[in-house]
Amino acid sequence: MSAFLGVDASLTGRRWLGPDEATQRLAAAIEQGTDVPASVASVLAGFGVLPEAAQAYLSPTLRDLLPDPMSLKDMGAAADRLLTALHEGQRIAIFADYDVDGGSSAALLVWWLRQMGQPATVYVPDRIDEGYGPNVTAMTELAGSHDLIICVDCGTLSHDPLAAASQQADVIVLDHHLGGAELPPAVAVVNPNRQDEDGALSHLCAAAVVFLLLVEANRRLKAKDVRGPDLIALLDLVALATVADVAPLIGVNRAFVRQGLSVMARRERPGLKALADVARLDTAPNAYHLGFVLGPRINAGGRVGRADLGARLLSTENSDEALSLAEKLDGLNTERRDVEAAVREAALAEIEERDAQAPLAWAAGDDWHPGVVGIVAARVKEKTNRPAVVIGFDGDDGKGSGRSVRGIDLGSAIQRLADEGLIEKGGGHPMAAGLSLTRAQLNPAMERLGDLLERQGAATLGAADLTLANILMPAAATLDLVAALETAGPFGMGAPTPRFAFPDQKILSARRVGENHLKFRFGDGVAHALDAIAFGAFDTAIGPAIEARDGSRFHIAGKLDINRWQGRETVQLVVDDVAVA
């Protein structure tokens, strides 16, 4: 496929890709068959939406997209056991992972049970002392004082801990991590990524699995003329978890997020209201805010603070407690950024000394905080466009996290390392995974992981191509167009925010902002101009080239955004890349 606008190597070394002929024909058919603007039709075509499905795609509803909960294996057993515990007033414990998905999953159950008059204990393991997932000590203690333990966003590979708990209590697992050849001992393991599932719902996060359980539980209550809690009011939690856990925004996930954002805009959940206020979020939330404003703050508790803060924030009904927890999480997020910056700098320096063409980018260091290695791995992945693993050692024991690129299944590769005995344990999703290993295992494990990823094609990856929806000119970049594009959202994993190219533009003004950002204004040489901001511009060749303003003309690519300032709204371009015209 030829480069879009002839850009084989931009100022950041990327090739630009535009819509191929088939996509252009599809966009034209969508535009003719609907009343959507051409730019929106281009976006839908890029997502593979057919003309007859365009209107339904633009208005995703749970009524049309919600799967039958019973299509997941063990769902019936899980719903029956939950309702038995409710009916008999049994003691229920919720064992949750320490990230946003785990906290949201726990909060969903807590809120539902609370509406039914049933309390529940929430237990979140400490990331450093206990690691990911159920452990024998915690599960045994919970089993000694509870009749039912529900593991959320964890548990599928926890055979020994669940076996220990099952001697005294029943266990339900509600998870979405990759399953092994055998399931752990439990009343039910509801997981769309079990090996015996068909994969049709593999895109669900754990909170979505929990939501489907509550749908089934409500359905069974209704059959007995019992009214269950309002589940629509819980969609803000499902939306938050879906975006923060980087689940692909396809199928029912689009409806979860679209409708969940509407619920969140009502500001009825004390924890999310307080967190939005602390984060100075003064507009209705969108998917970006879930992933990059609220999500990181909730995660900060599990990374560098108390692991249960996020779940407590999302579960509380008390506004004063919510504000106190939100302020703590906001402070921890600032601390997390500082810790992350130091580890990121060290990790990138180590990676740059290795083969730049290797299929895996990895780094390991002493005393690297285990709470930030996942974020650093994500930054390394973004910089190198390769699967990345970052490991922190405490003595001889290392805990690491990995992030992958599209088309490379890192989770299964790391799980294979565990199956082969090359690491202590590991697993996760195609795009993200965790692992534990000893110092002696480090080099052999990373060499083997590189081999496994090379077989998937990771060694052939170069600088990430930039995919563009179409060409725009400054005159077309209006507030109405931005609003129309939003109807094709939510945007995220699996449905990326549309990028447009503005060809052959003249730089009208430019000024540095902060240490390495750049604000500038460009125009087409006629009468129209557009404001732009390029974050991190001076970390690349973009900043010096634009700042020079030597008369050169540029192709400028990015996503349209609304800049709000002193009550005024204007369109600006958030720049992804620039090429000399």
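The values are calculated or read from the model by the stated rules, or taken from the named source; none is laboratory data. Keep in mind that what you see is a predicted model, and the values were worked out from it rather than measured. Cβ: placed from backbone, ideal geometry, glycine included. Neighbour counts: every protein chain shown. Each accessible area value is taken on the protein alone, full model and side chains, heavy atoms only, with ligands, DNA and RNA left out. Shrake-Rupley method; radii C 1.70, N 1.55, O 1.52, S 1.80 Å.
From the residues in the stretch 235-263 that are of a type in the set (D, E, K, R) and open to solvent by 30 Å² or more (accessible area, probe 1.4 Å), which one is farthest from the chain's Cα centre (by Cα)?
In the first step, residues of the stretch 235-263 are kept if they are of a type in the set (D, E, K, R); the result is 236, 245, 254, 258.
With the extra rule that they be open to solvent by 30 Å² or more (accessible area, probe 1.4 Å), the set shrinks to 245, 258.
Values: 245: 3, 258: 15 Å.
That would be 258.
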Q: Sort out which residues of the stretch 506-543 are in a strand (DSSP E or B), open to solvent by less than 30 Å² (accessible area, probe 1.4 Å), small (Gly, Ala, Ser) and in contact with a helix residue (DSSP H, G or I) (Cβ under 7 Å, 6 or more places away or on another chain), and write them in order of number.
A: 523, 534
Q: Return the residue satisfying two criteria in turn: it lies in the stretch 422-473 and is without any contact (Cβ under 8 Å) to a residue 12 or more places away in the chain and more than 21 Å from residue 364 (Cα to Cα), and of such residues it is most open to solvent (accessible area, probe 1.4 Å).
A: 455
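If the requirement is being in contact (Cβ under 8 Å) with a residue 12 or more places away in the chain and within 30 Å of residue 384 (Cβ to Cβ), which of these qualifies: 569, 547?
Details: 569 fails: within 30 Å of residue 384 (Cβ to Cβ).
It is 547.
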Q. Failed condition for residue 323, given (1) hydrophobic (A, V, I, L, M, F, W, C); (2) open to solvent by 70 Å² or more (accessible area, probe 1.4 Å); (3) free of Cβ contacts under 8 Å to residues at least 12 places away in the same chain, with all others met?
A. (3)
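To keep it simple, each residue is scored yes or no on (1) farther than 24 Å from residue 254 by Cα; (2) open to solvent by less than 30 Å² (accessible area, probe 1.4 Å).
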position: 286; (1), (2): no, no
position: 290; (1), (2): no, yes
position: 298; (1), (2): no, yes
position: 314; (1), (2): no, yes
position: 319; (1), (2): yes, no
position: 330; (1), (2): yes, no
position: 334; (1), (2): yes, no
position: 339; (1), (2): yes, no
position: 345; (1), (2): yes, no
Q: Return the residue satisfying two criteria in turn: it lies in the stretch 216-232 and is open to solvent by 30 Å² or more (accessible area, probe 1.4 Å) and of a type outside the set (Lys, Arg), and of such residues it is nearest to residue 417 (Cα to Cα).
A: 232
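Is one or more of the residues making up the stretch 485-505 touching a Lys or Arg at 6+ places or on another chain (Cβ under 7 Å) and assigned to a strand (DSSP E or B)?
Checked against the condition, which is being touching a Lys or Arg at 6+ places or on another chain (Cβ under 7 Å) and assigned to a strand (DSSP E or B), the stretch 485-505 yields at least one hit.
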Q. Of all residues in the stretch 431-449, how many are in a helix (DSSP H, G or I), within 23 Å of residue 378 (Cβ to Cβ) and touching a strand residue (DSSP E or B) at 6+ places or on another chain (Cβ under 8 Å)?
A. 4
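Given the residues 390, 405, which is the only one that is assigned to a loop (DSSP other than H, G, I, E, B) and either within 25 Å of residue 102 (Cβ to Cβ) or open to solvent by 10 Å² or more (accessible area, probe 1.4 Å) (or both)? Write out each step before concluding.
Working: 390 fails: assigned to a loop (DSSP other than H, G, I, E, B).
Just one listed residue meets the conditions, 405.
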Q: Scan the stretch 132-141 for residues that are at pLDDT 95 or above and within 30 Å of the chain's Cα centre (by Cα) and jot them down.
A: 134, 135, 136, 138, 139
Q) For the stretch 365-387, which residues satisfy the criterion of being under 15 Å from the mean Cα position of the chain (by Cα) and open to solvent by 10 Å² or more (accessible area, probe 1.4 Å)? A) 375, 378, 379, 381, 382
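Just to be sure before I move on: is residue 31 acidic (Asp, Glu), farther than 29 Å from residue 263 by Cβ and out of contact with any Pro (no Cβ under 9 Å at 6 or more places or on another chain) in the structure I sent?
Details: acidic (Asp, Glu): yes; farther than 29 Å from residue 263 by Cβ: yes; out of contact with any Pro (no Cβ under 9 Å at 6 or more places or on another chain): no.
No.
Looking at the stretch 561-581, which of its residues are closer than 19 Å to residue 5 by Cα and surrounded by 15 or more Cβ atoms within 10 Å (Cβ to Cβ)? If you could, list the steps in order and put the result at the bottom.
Here is the first cut: in the stretch 561-581, the ones closer than 19 Å to residue 5 by Cα are 573, 575-581.
If the condition is that a residue be closer than 19 Å to residue 5 by Cα and surrounded by 15 or more Cβ atoms within 10 Å (Cβ to Cβ), then 573, 575, 576, 577, 578, 579, 581 are the ones that fit.
Quick grid of which residues meet (1) among the small types (Gly, Ala, Ser); (2) buried (at least 24 other Cβ atoms within 10 Å of the Cβ); (3) in a loop (DSSP other than H, G, I, E, B):
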site	(1), (2), (3)
138	yes, no, no
155	yes, yes, yes
162	no, yes, no
168	no, no, yes
184	no, no, yes
(Q) Just to be sure I understand the filter: pairs with C-beta atoms under 9 Å, separated by 6 or more residues or on different chains, first member in the stretch 253-278 and under 20 Å from residue 496 (Cα atoms), second member crowded, with 24+ Cβ neighbours inside 10 Å and of a type in the set (Phe, Trp, Tyr). Which pairs pass? (A) 256/211
